[in-house]
Amino acid sequence: MTSKTKEKLAAALVTELQQTPVDKITIQAIVDDCDLTRQTFYNHFADIYELVEWTAKEATARALANVADYDNWQQGFLNIMADIQANQYLVMNTYQSAYRDLLEKYIYTVLYEYIIKVVNRQAAGMRVADKHKHFIAHFYSLAFIALIFEWVKDGFHDDPKDIVAQTAVLVQGDFQKALSTYAE
């Protein structure tokens, strides 16, 4: 029941974000949207910040499900951008608020977890220190976040497929090259 309740609250947040900036959304509006009580909200989240974080993390994780390998990283990146584009109002209302850092932090966290899996798979059979693998994952997570938020800031003008294709040209073979350089 906990997961279903969190999903109901997240869905209510998404509904509210379609018309209201996140800074103006109240817990009462969220619980009214899904016929829950304020206490139920507080049983699952400390505040709206935590709900925004959880919602962003869950959405990003769904976009990256089953594509955590080097051959499919482009599909995962495209999935994230497609989800963002499909929820433009939600993203813009969050991006232009005090919650932007939380959104960025949680998208980064999920991207990092995804990219470190890709890096670890690419490093199979190589002796590469964890600190180097983590640095590679950190670097690419920051790069992808920057691309995503620049695209959002520019009003979603570019086609996500074009951004992913351009990124693929730059990234092609780089994980393996970096890992080979760091290999002991």
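The values are calculated or read from the model by the stated rules, or taken from the named source; none is laboratory data. If you're wondering where the values come from, they're calculated on a predicted model, not measured in any experiment. Backbone-built Cβ (ideal geometry, glycine too); neighbour counts: all protein chains shown. For accessibility, only protein heavy atoms count, side chains too; no ligands or nucleic acids. Shrake-Rupley method; radii C 1.70, N 1.55, O 1.52, S 1.80 Å.
Considered as a group, the residues in the stretch 67-100 that are in a loop (DSSP other than H, G, I, E, B) and open to solvent by 40 Å² or more (accessible area, probe 1.4 Å) include one that is modelled with the highest pLDDT, and that residue is Q96. The residue that is surrounded by the fewest Cβ atoms within 10 Å (Cβ to Cβ), among those in the stretch 145-181 that are within 21 Å of T60 (Cα to Cα) and aromatic (F, W, Y), is F156. Residue by residue through the stretch 166-181, note down the ones that are assigned to a helix (DSSP H, G or I) and either in contact (Cβ under 8 Å) with a residue 24 or more places away in the chain or polar (S, T, N, Q) (or both). Of everything in the stretch 166-181, those that are assigned to a helix (DSSP H, G or I) and either in contact (Cβ under 8 Å) with a residue 24 or more places away in the chain or polar (S, T, N, Q) (or both) turn out to be Q166, T167, A168, V171, F175, Q176, A178, L179, S180, T181. If you take the residues in the stretch 1-39 that are open to solvent by less than 50 Å² (accessible area, probe 1.4 Å) and in a loop (DSSP other than H, G, I, E, B), which one is nearest to R62 (Cα to Cα)? Among those residues, the one meeting the criterion is C34.
A single entry from K131, K117 fulfils the requirement of being under 30 Å from E184 (Cα atoms) and surrounded by 15 or more Cβ atoms within 10 Å (Cβ to Cβ): K117. Scan (1) at pLDDT 80 or above; (2) under 16 Å from L13 (Cα atoms) for the single condition Y114 breaks and write down its number. Y114 satisfies every listed condition except (2).
Which one of these is assigned to a helix (DSSP H, G or I), farther than 30 Å from V169 by Cα and hydroxyl-bearing (S, T, Y): Y108, Y42? Can you show your working first?
Values: Y108 fails: farther than 30 Å from V169 by Cα.
Just a single option satisfies the conditions, and that option is Y42.
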